[in-house]
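Engineer: For reference, the structure I am asking about is given below.
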Amino acid sequence: MTKRNRHKPRRAARAPIPFNQIHSACDIQVDAKFRQFVMILANAKGREVVEELWPDVQWENDELFSSVHSPDWSFTHICVTKLPPHLETQIPLAFASPDAIGFAVAMALQRIAEPKRVAHYTGEGDGLTLNFYDGAEACGGRDLALSLFAEYVPSGPVRPDHPESAN
């Protein structure tokens, strides 16, 4: 018979959150798009956290976004330009999948945000999953969060003559 470690409680499985309740379950949502581009959705509290890491971001709210999100929510896009050193040694940024880059962004934000207030989308289509993380899992604090470098990118279609734009 195996003894269970009493000092490490089991994590309860988190039930799926209905779409209409996601906004009340978090302050920030991270959705990696392609290459190194990441969309960040946030309410007022979440925008303060995002701006603490990337003060140059500009927030948007268009008709399509407003039709499915609460009025307090806005979005922005960033392009990750450098992963934290401990991640870069595992896989260089150029070879990281969009989900891995999104995870790195979510962890950087979670290091500053309240525990379990950052949601991170992984997968796509029927395999789309919404993940939440404890603050304890994101140990390292603000200094480690600041080791992920990203630049604001205006939204819109990516054009060959304007590669810094994103969807």
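Engineer: What residue, of Ala25, Ala96, is in contact with a Leu (Cβ under 9 Å, 6 or more places away or on another chain), within 29 Å of Asp143 (Cβ to Cβ), among the small types (Gly, Ala, Ser) and modelled with pLDDT under 85? Spell out the reasoning first.
Structural biologist: Working: Ala96 fails: modelled with pLDDT under 85.
The match here is Ala25.
Engineer: Here's something else I'd like to know. If Met107 satisfies all but one of (1) of a type in the set (A, V, I, L, M); (2) under 18 Å from Asp31 (Cα atoms); (3) assigned to a loop (DSSP other than H, G, I, E, B), what's the number of the condition it fails?
Structural biologist: (3)
Engineer: Further question on the same structure: Using the structure shown, decide if Val80 is closer than 17 Å to Arg47 by Cβ, crowded, with 17+ Cβ neighbours inside 10 Å and either modelled with pLDDT of 90 or more or among the aliphatic types (A, V, I, L, M) (or both).
Structural biologist: Values: closer than 17 Å to Arg47 by Cβ: no; crowded, with 17+ Cβ neighbours inside 10 Å: yes; either modelled with pLDDT of 90 or more or among the aliphatic types (A, V, I, L, M) (or both): yes.
No.
Engineer: Follow-up question, since we're still on this one. Just to be sure, is Ile91 modelled with pLDDT under 90, buried (at least 19 other Cβ atoms within 10 Å of the Cβ) and β-branched (Val, Ile, Thr)? Before the answer, list the steps.
Structural biologist: Working: modelled with pLDDT under 90: yes; buried (at least 19 other Cβ atoms within 10 Å of the Cβ): no; β-branched (Val, Ile, Thr): yes.
No.
Engineer: Continuing with this model, one more query. For region 134-154, which positions are within 22 Å of Leu93 (Cα to Cα), modelled with pLDDT of 70 or more and not in a helix (DSSP H, G or I)? Let's see the steps before the verdict.
Structural biologist: At the first step, the residues of region 134-154 found to be within 22 Å of Leu93 (Cα to Cα) are 137-154.
Next, only the ones that are modelled with pLDDT of 70 or more stay: 141-154.
Within region 134-154, Leu146, Ser147, Leu148, Phe149, Ala150, Glu151, Tyr152, Val153, Pro154 qualify.
Engineer: OK, next. Does Ile91 count as free of Cβ contacts under 8 Å to residues at least 12 places away in the same chain and part of a loop (DSSP other than H, G, I, E, B)?
Structural biologist: Working: free of Cβ contacts under 8 Å to residues at least 12 places away in the same chain: yes; part of a loop (DSSP other than H, G, I, E, B): yes.
Considered against the rule, which asks whether it is free of Cβ contacts under 8 Å to residues at least 12 places away in the same chain and part of a loop (DSSP other than H, G, I, E, B), Ile91 comes out as yes.
Engineer: Among the residues of region 54-74, how many are in contact with a Phe, Trp or Tyr (Cβ under 6 Å, 6 or more places away or on another chain), of a type outside the set (A, V, I, L, M) and buried (at least 19 other Cβ atoms within 10 Å of the Cβ)?
Structural biologist: 1
The values are calculated or read from the model by the stated rules, or taken from the named source; none is laboratory data. The structure presented is a predicted model; accordingly, all values stated were derived computationally and were not measured. Note that we place each Cβ from the backbone using ideal geometry, even for glycine, and neighbour counts take in every protein chain shown.
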